[in-house]
């Protein structure tokens, strides 16, 4: 173990790192100390690498690590990570039951008026944009129930199964001991289904504002319902939200989302965002074999052609592509927005997503979806 | 074989025609010294797998490689019973004389990479390649193996490592690995090398290549990485390409030969078209203008 001074230094450095947002457990600090023992402490470069590979464990942490390291060695001030607060009025208005949003009741979406519908049914059909806070709270409970639906894929693992097709040889060999090698008792196994990867890319630009909160809550429930889900948000640029939505408490999760999405409720650049997704995440094969769900109204301000191109790229790698557009909930809706029109040829299923019932439909589609047919 | 210092390991790797930067050398050195698995992440083609191979070479160790894929299971990663032999054995034995212990004994065991690595008497480098492709369940299992270096086979009992293998895991980050697994490992991110280092690597891997061609090829590929490509080329591509160029006997780059051979650098048709139609002439020009200070001996570390 290195001398006391070094221990002191590394422990302090660990604290600086934590302040900079890097998760550093006590075990890692101990590793760092053991490792420093093996290198030449007078070589700053070796100290840098040694600390980096013991204290940081994600590429995303490396930048924060470098800043902290510079601060520690050169006494440069640590600049705190940029934070953007959740637009207060939206959350406050919902939480406090402010009725100022009553004007939105006439927003897209039909108000079912048939007599005899239960309150439950009414709630399922009500447009998110026109819900009161109480209704919204109840809708949330419904969403959690349907969020567990997940597309399936065939695993390569085998399980004992009465209608299995692969002979369980291990069991057979053991059973044959009693019958002098005659394979009398034959058990079979078969491949079982497991969840397929699911990628959800959600538009949080200004034009989607009325639906964003509801859809993100739904997304939170989806992420919470099991592994294998990746969530992204975009307005003018793409942000990965999987870690934020992984927080257990929905309000905290939404706060965290708001903090990391810098362009909340601003403009839309669908094409550019999809491009980033394909370049950064598609390249790491997150798309391959996944069902990709895009939630957006398709309002591309810049370049519909780019939307088409990037959708084609996305669709080539994905198992299937689903587009959810809350505007589609309106009976008069037609996909005229340039981005939407460019995207549609590459979409397998085009759904609305403006109320609980439509999310149920989404869940059903996700469970039953097959590979996209090659054009 | 043990190494007393990072420099010594660097020297040895250089002898094995592998040129790590100081960071990677430190990572490999510490992985050996602390007997901890090393997790290597980085873009495709930056030499993650190659690092493990070279480490095995300089240690005089056997490289055991486990290529991960979705659905990888114990039967393919750890061990499997040789059922046909077992059944034949039962047939051949006198009725009632064969015990279960005998039937599930070591001679009927097929050793897959993980068991092989743990049971080996000679030094071993265990390469667990593209761990992010295996599914969660397997990762959890691996975690157990990597913490105790032992494997339990129900019929035989627990097999412990006689000597700990050096373990290298690679990941292309198609998904985030479990924190618990990461906690067991040292972590190193391999970026693209500096121009000087890449030239060194190319000269080392393509013997007899004219210096000017090596420098220009490396500079050209570096230029490609600045472009907005679906799949930016890695060092592996630079090496392949330079080999192709050298085989054509050209002393330096020209637009014509670049267009002929670009297919060994750019693996996507869209990328190929983009470069051919817009950037090719400029990049060739730029690459031809590159002047390198000839680095003598092993290239120097860069942070």
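Tabulated data for the structure shown
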| quantity | calculated |
| --- | --- |
| Evaluation of residue B:279 against (1) at pLDDT below 90; (2) away from chain A (no Cβ under 14 Å); (3) over 29 Å from residue B:28 (Cβ atoms); (4) not in a helix (DSSP H, G or I) (one fails), failing number | (4) |
| Set A:360, A:364, A:310: member being assigned to a helix (DSSP H, G or I), assigned by TED's automatic domain parsing to the domain that holds residue A:233, touching a helix residue (DSSP H, G or I) at 6+ places or on another chain (Cβ under 6 Å) and over 20 Å from residue A:232 (Cα atoms) | A:360 |
| Qualifying residue in the stretch B:97-116 (condition: under 30 Å from residue B:23 (Cβ atoms) and either surrounded by 18 or more Cβ atoms within 10 Å (Cβ to Cβ) or more than 9 Å from chain A (Cβ to nearest Cβ) (or both)) | yes |
| Residue check for residue A:288: within 13 Å of chain B (Cβ to nearest Cβ), surrounded by fewer than 24 Cβ atoms within 10 Å (Cβ to Cβ) and without any contact (Cβ under 8 Å) to a residue 24 or more places away in the chain | no |
| Condition met for residue A:265 (away from chain B (no Cβ under 14 Å), in a helix (DSSP H, G or I), in contact (Cβ under 8 Å) with a residue 24 or more places away in the chain and farther than 18 Å from residue A:340 by Cα) | no |
| Helices (runs of 4 or more DSSP H) lying entirely in the stretch A:137-255 (those with 3 or more residues that are under 22 Å from residue A:352 (Cβ atoms)) | A:209-224 |
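The values are calculated or read from the model by the stated rules, or taken from the named source; none is laboratory data. These figures come from a predicted structure and were not determined experimentally. Ideal geometry is used to build each Cβ from the backbone, glycine not excepted, and the neighbour counts take in all protein chains shown.
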